[in-house]
Structures are given as structure tokens and as C-alpha cells.
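Input: a single structure, listed below in C-alpha cells.
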Amino acid sequence: MDWYPLRDEELLLRVNVSFATGRAPAVAGLRSFRDPERQNIEDELIAGGWPPGPVFTVRGKADRAGVRLLDVALFGLPRLLNMVANSAAPSGAPFGDPQGPGKPREPENEVDDFPVIWASPGTTARSLPWQLDPARRAEGYRTELVLTDRRLVILGIESGAGLAPAQELWELAREQVADAERMHFSEGASDVRVRFADGSWTRLKAGDAAGLTDRLHAEPEDSSGTQRGETGE
């Protein structure tokens, strides 16, 4: 049995999401959890009920070299083959044209560190469900973000659950979401940073990053149907 919005709310978007994953060689495959002083808050999250996860440790030079070689294999080889093919044929991408990450906009949060939660004690981002972390949940388990005209909801769905209902893990009133922005230094530009009204934020990998950003970036309407910041005149 699937999840459905309440009778008096409108479903706007439903996408697969999880915490994003580092891409730069020093933080590839890693995630950190920080307060505004950049202190590690993972122990506090575990004390609050999260299961333990992998320890965040910046990769050494040898590991970084391995990540760079993998990038060449994934992105450089298809592009090289396309160049050879196009030298004697119409232009195109017969061997695929994988989209690599864009340039890092915030090296401190994308190259040297990779926080997916940035939050002071008691703020919204700290209340996010641990199931968003692929490293802490069972294989095959997935999380979805649902956006309605009233709420932001995180659902958890068991692998092979069949008719089992999606579990509502977390919800937040729509007005508590301040903004969202695409983070292009990610695989396929699939990362989105969601900022909350209290100043905390999270970085998510989303199945429809453009759609999610567009929906969250737009100003919500108040009960009169007028967008906030407008006088209606």
C-alpha cells in the first residue's frame, strides 16, 4: 500500500533522495556531519538514536590517485573513443557521453570536507532521519522525498516490500524550508542543498534535482493565495 497526501493537500513532487556523496579525490565516497564551527557532530547524532556509520577520514595521496584513475576510466575513455569515431564520421557520441561533475563552488565543503548536514544543536537538519544515509541502512532500502503544498516528507521503503506501506520517517512544514540550490559539483549535477528557516542545511542527491530545486526555490503562497513578498496590488 503506497503513501498518499492528506485530502486537503496537493502532491507537487515525489523523488528518490539520499544524503549526497563526496566526489573530490580527498572525500570521494564520504560524508561528514558538522556544526557551524565545523565540528564533527556524528557522536551526537548517534547518541540521539542514529546507528554508527563509516568514520569520516580525508583520503591520503595514494587513495586520491586511485580515485583520479577511476575518473579517467569512467569519463576520459568514452570521450577519447568518441573523438576517434568522429574523426571519420558525423559528430555524435556512439560510445556514450557521461556527464562528469562541474567545478567546485565551495572547496571547503566539496573538496576538503563534505558535510551533508550543517546544523547547530536543536535545528531542523539534525532531525533528519538516519535512513537517508546509504551507509547506515540495509541494502535495497530507499528513501523518497515528497513535496506537497503544505509539507516536506521523507518516506522509507523496504526492499521487496510488496504491498507493505511506505513508512513516513520525517515531515516538516513547507514554510520551514527557506530555499534550495543545485550543487553542480556532483555526478550528473544531481545534488541539491536544502536550506531551512533556522539556518541549518542538508545536501541531498535527488532523482530530479532540477524539479526539486525549482519547487523549493519558488516562494510558497500564503493562505490568501498571494506569494510571500507580494502585496497583491
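Values for this structure:
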quantity	calculated
Cβ-Cβ under 7 Å pairs, at least 6 apart or on other chains, the stretch 40-57 side within 17 Å of Leu30 (Cα to Cα) and aromatic (Phe, Trp, Tyr), far side surrounded by 14 or more Cβ atoms within 10 Å (Cβ to Cβ) and modelled with pLDDT under 95	Phe56/Leu30
Selected residue [of a type in the set (Ser, Thr, Tyr) and more than 13 Å from the chain's Cα centre (by Cα)] from Ser200, Ser186	Ser200
Condition met for Glu171 (closer than 21 Å to Phe33 by Cα, open to solvent by 20 Å² or more (accessible area, probe 1.4 Å) and at pLDDT 95 or above)	yes
Pair list, Cβ < 9 Å and 6+ apart or interchain, from the stretch 1-14 residues that are open to solvent by 100 Å² or more (accessible area, probe 1.4 Å) to residues that are aliphatic (A, V, I, L, M) and in a loop (DSSP other than H, G, I, E, B)	Met1/Leu163; Met1/Ala164; Met1/Ala166
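Conditions (1) open to solvent by 30 Å² or more (accessible area, probe 1.4 Å); (2) farther than 19 Å from Ser190 by Cα; (3) at pLDDT 65 or above, marked per residue:
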| residue | (1), (2), (3) |
| --- | --- |
| Leu81 | yes, yes, no |
| Phe114 | no, no, yes |
| Pro129 | no, yes, yes |
| Tyr141 | no, yes, yes |
| Pro165 | yes, yes, yes |
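The values are calculated or read from the model by the stated rules, or taken from the named source; none is laboratory data. Remember, predicted model here, so these are calculated numbers, not experimental data. Positions of Cβ are generated from backbone atoms using ideal geometry, with glycine treated the same way; all protein chains shown enter the neighbour counts. The protein model used for the area step is the full one, side chains on, heavy atoms only, and it has no ligands, DNA or RNA in it. Shrake-Rupley method; radii C 1.70, N 1.55, O 1.52, S 1.80 Å.
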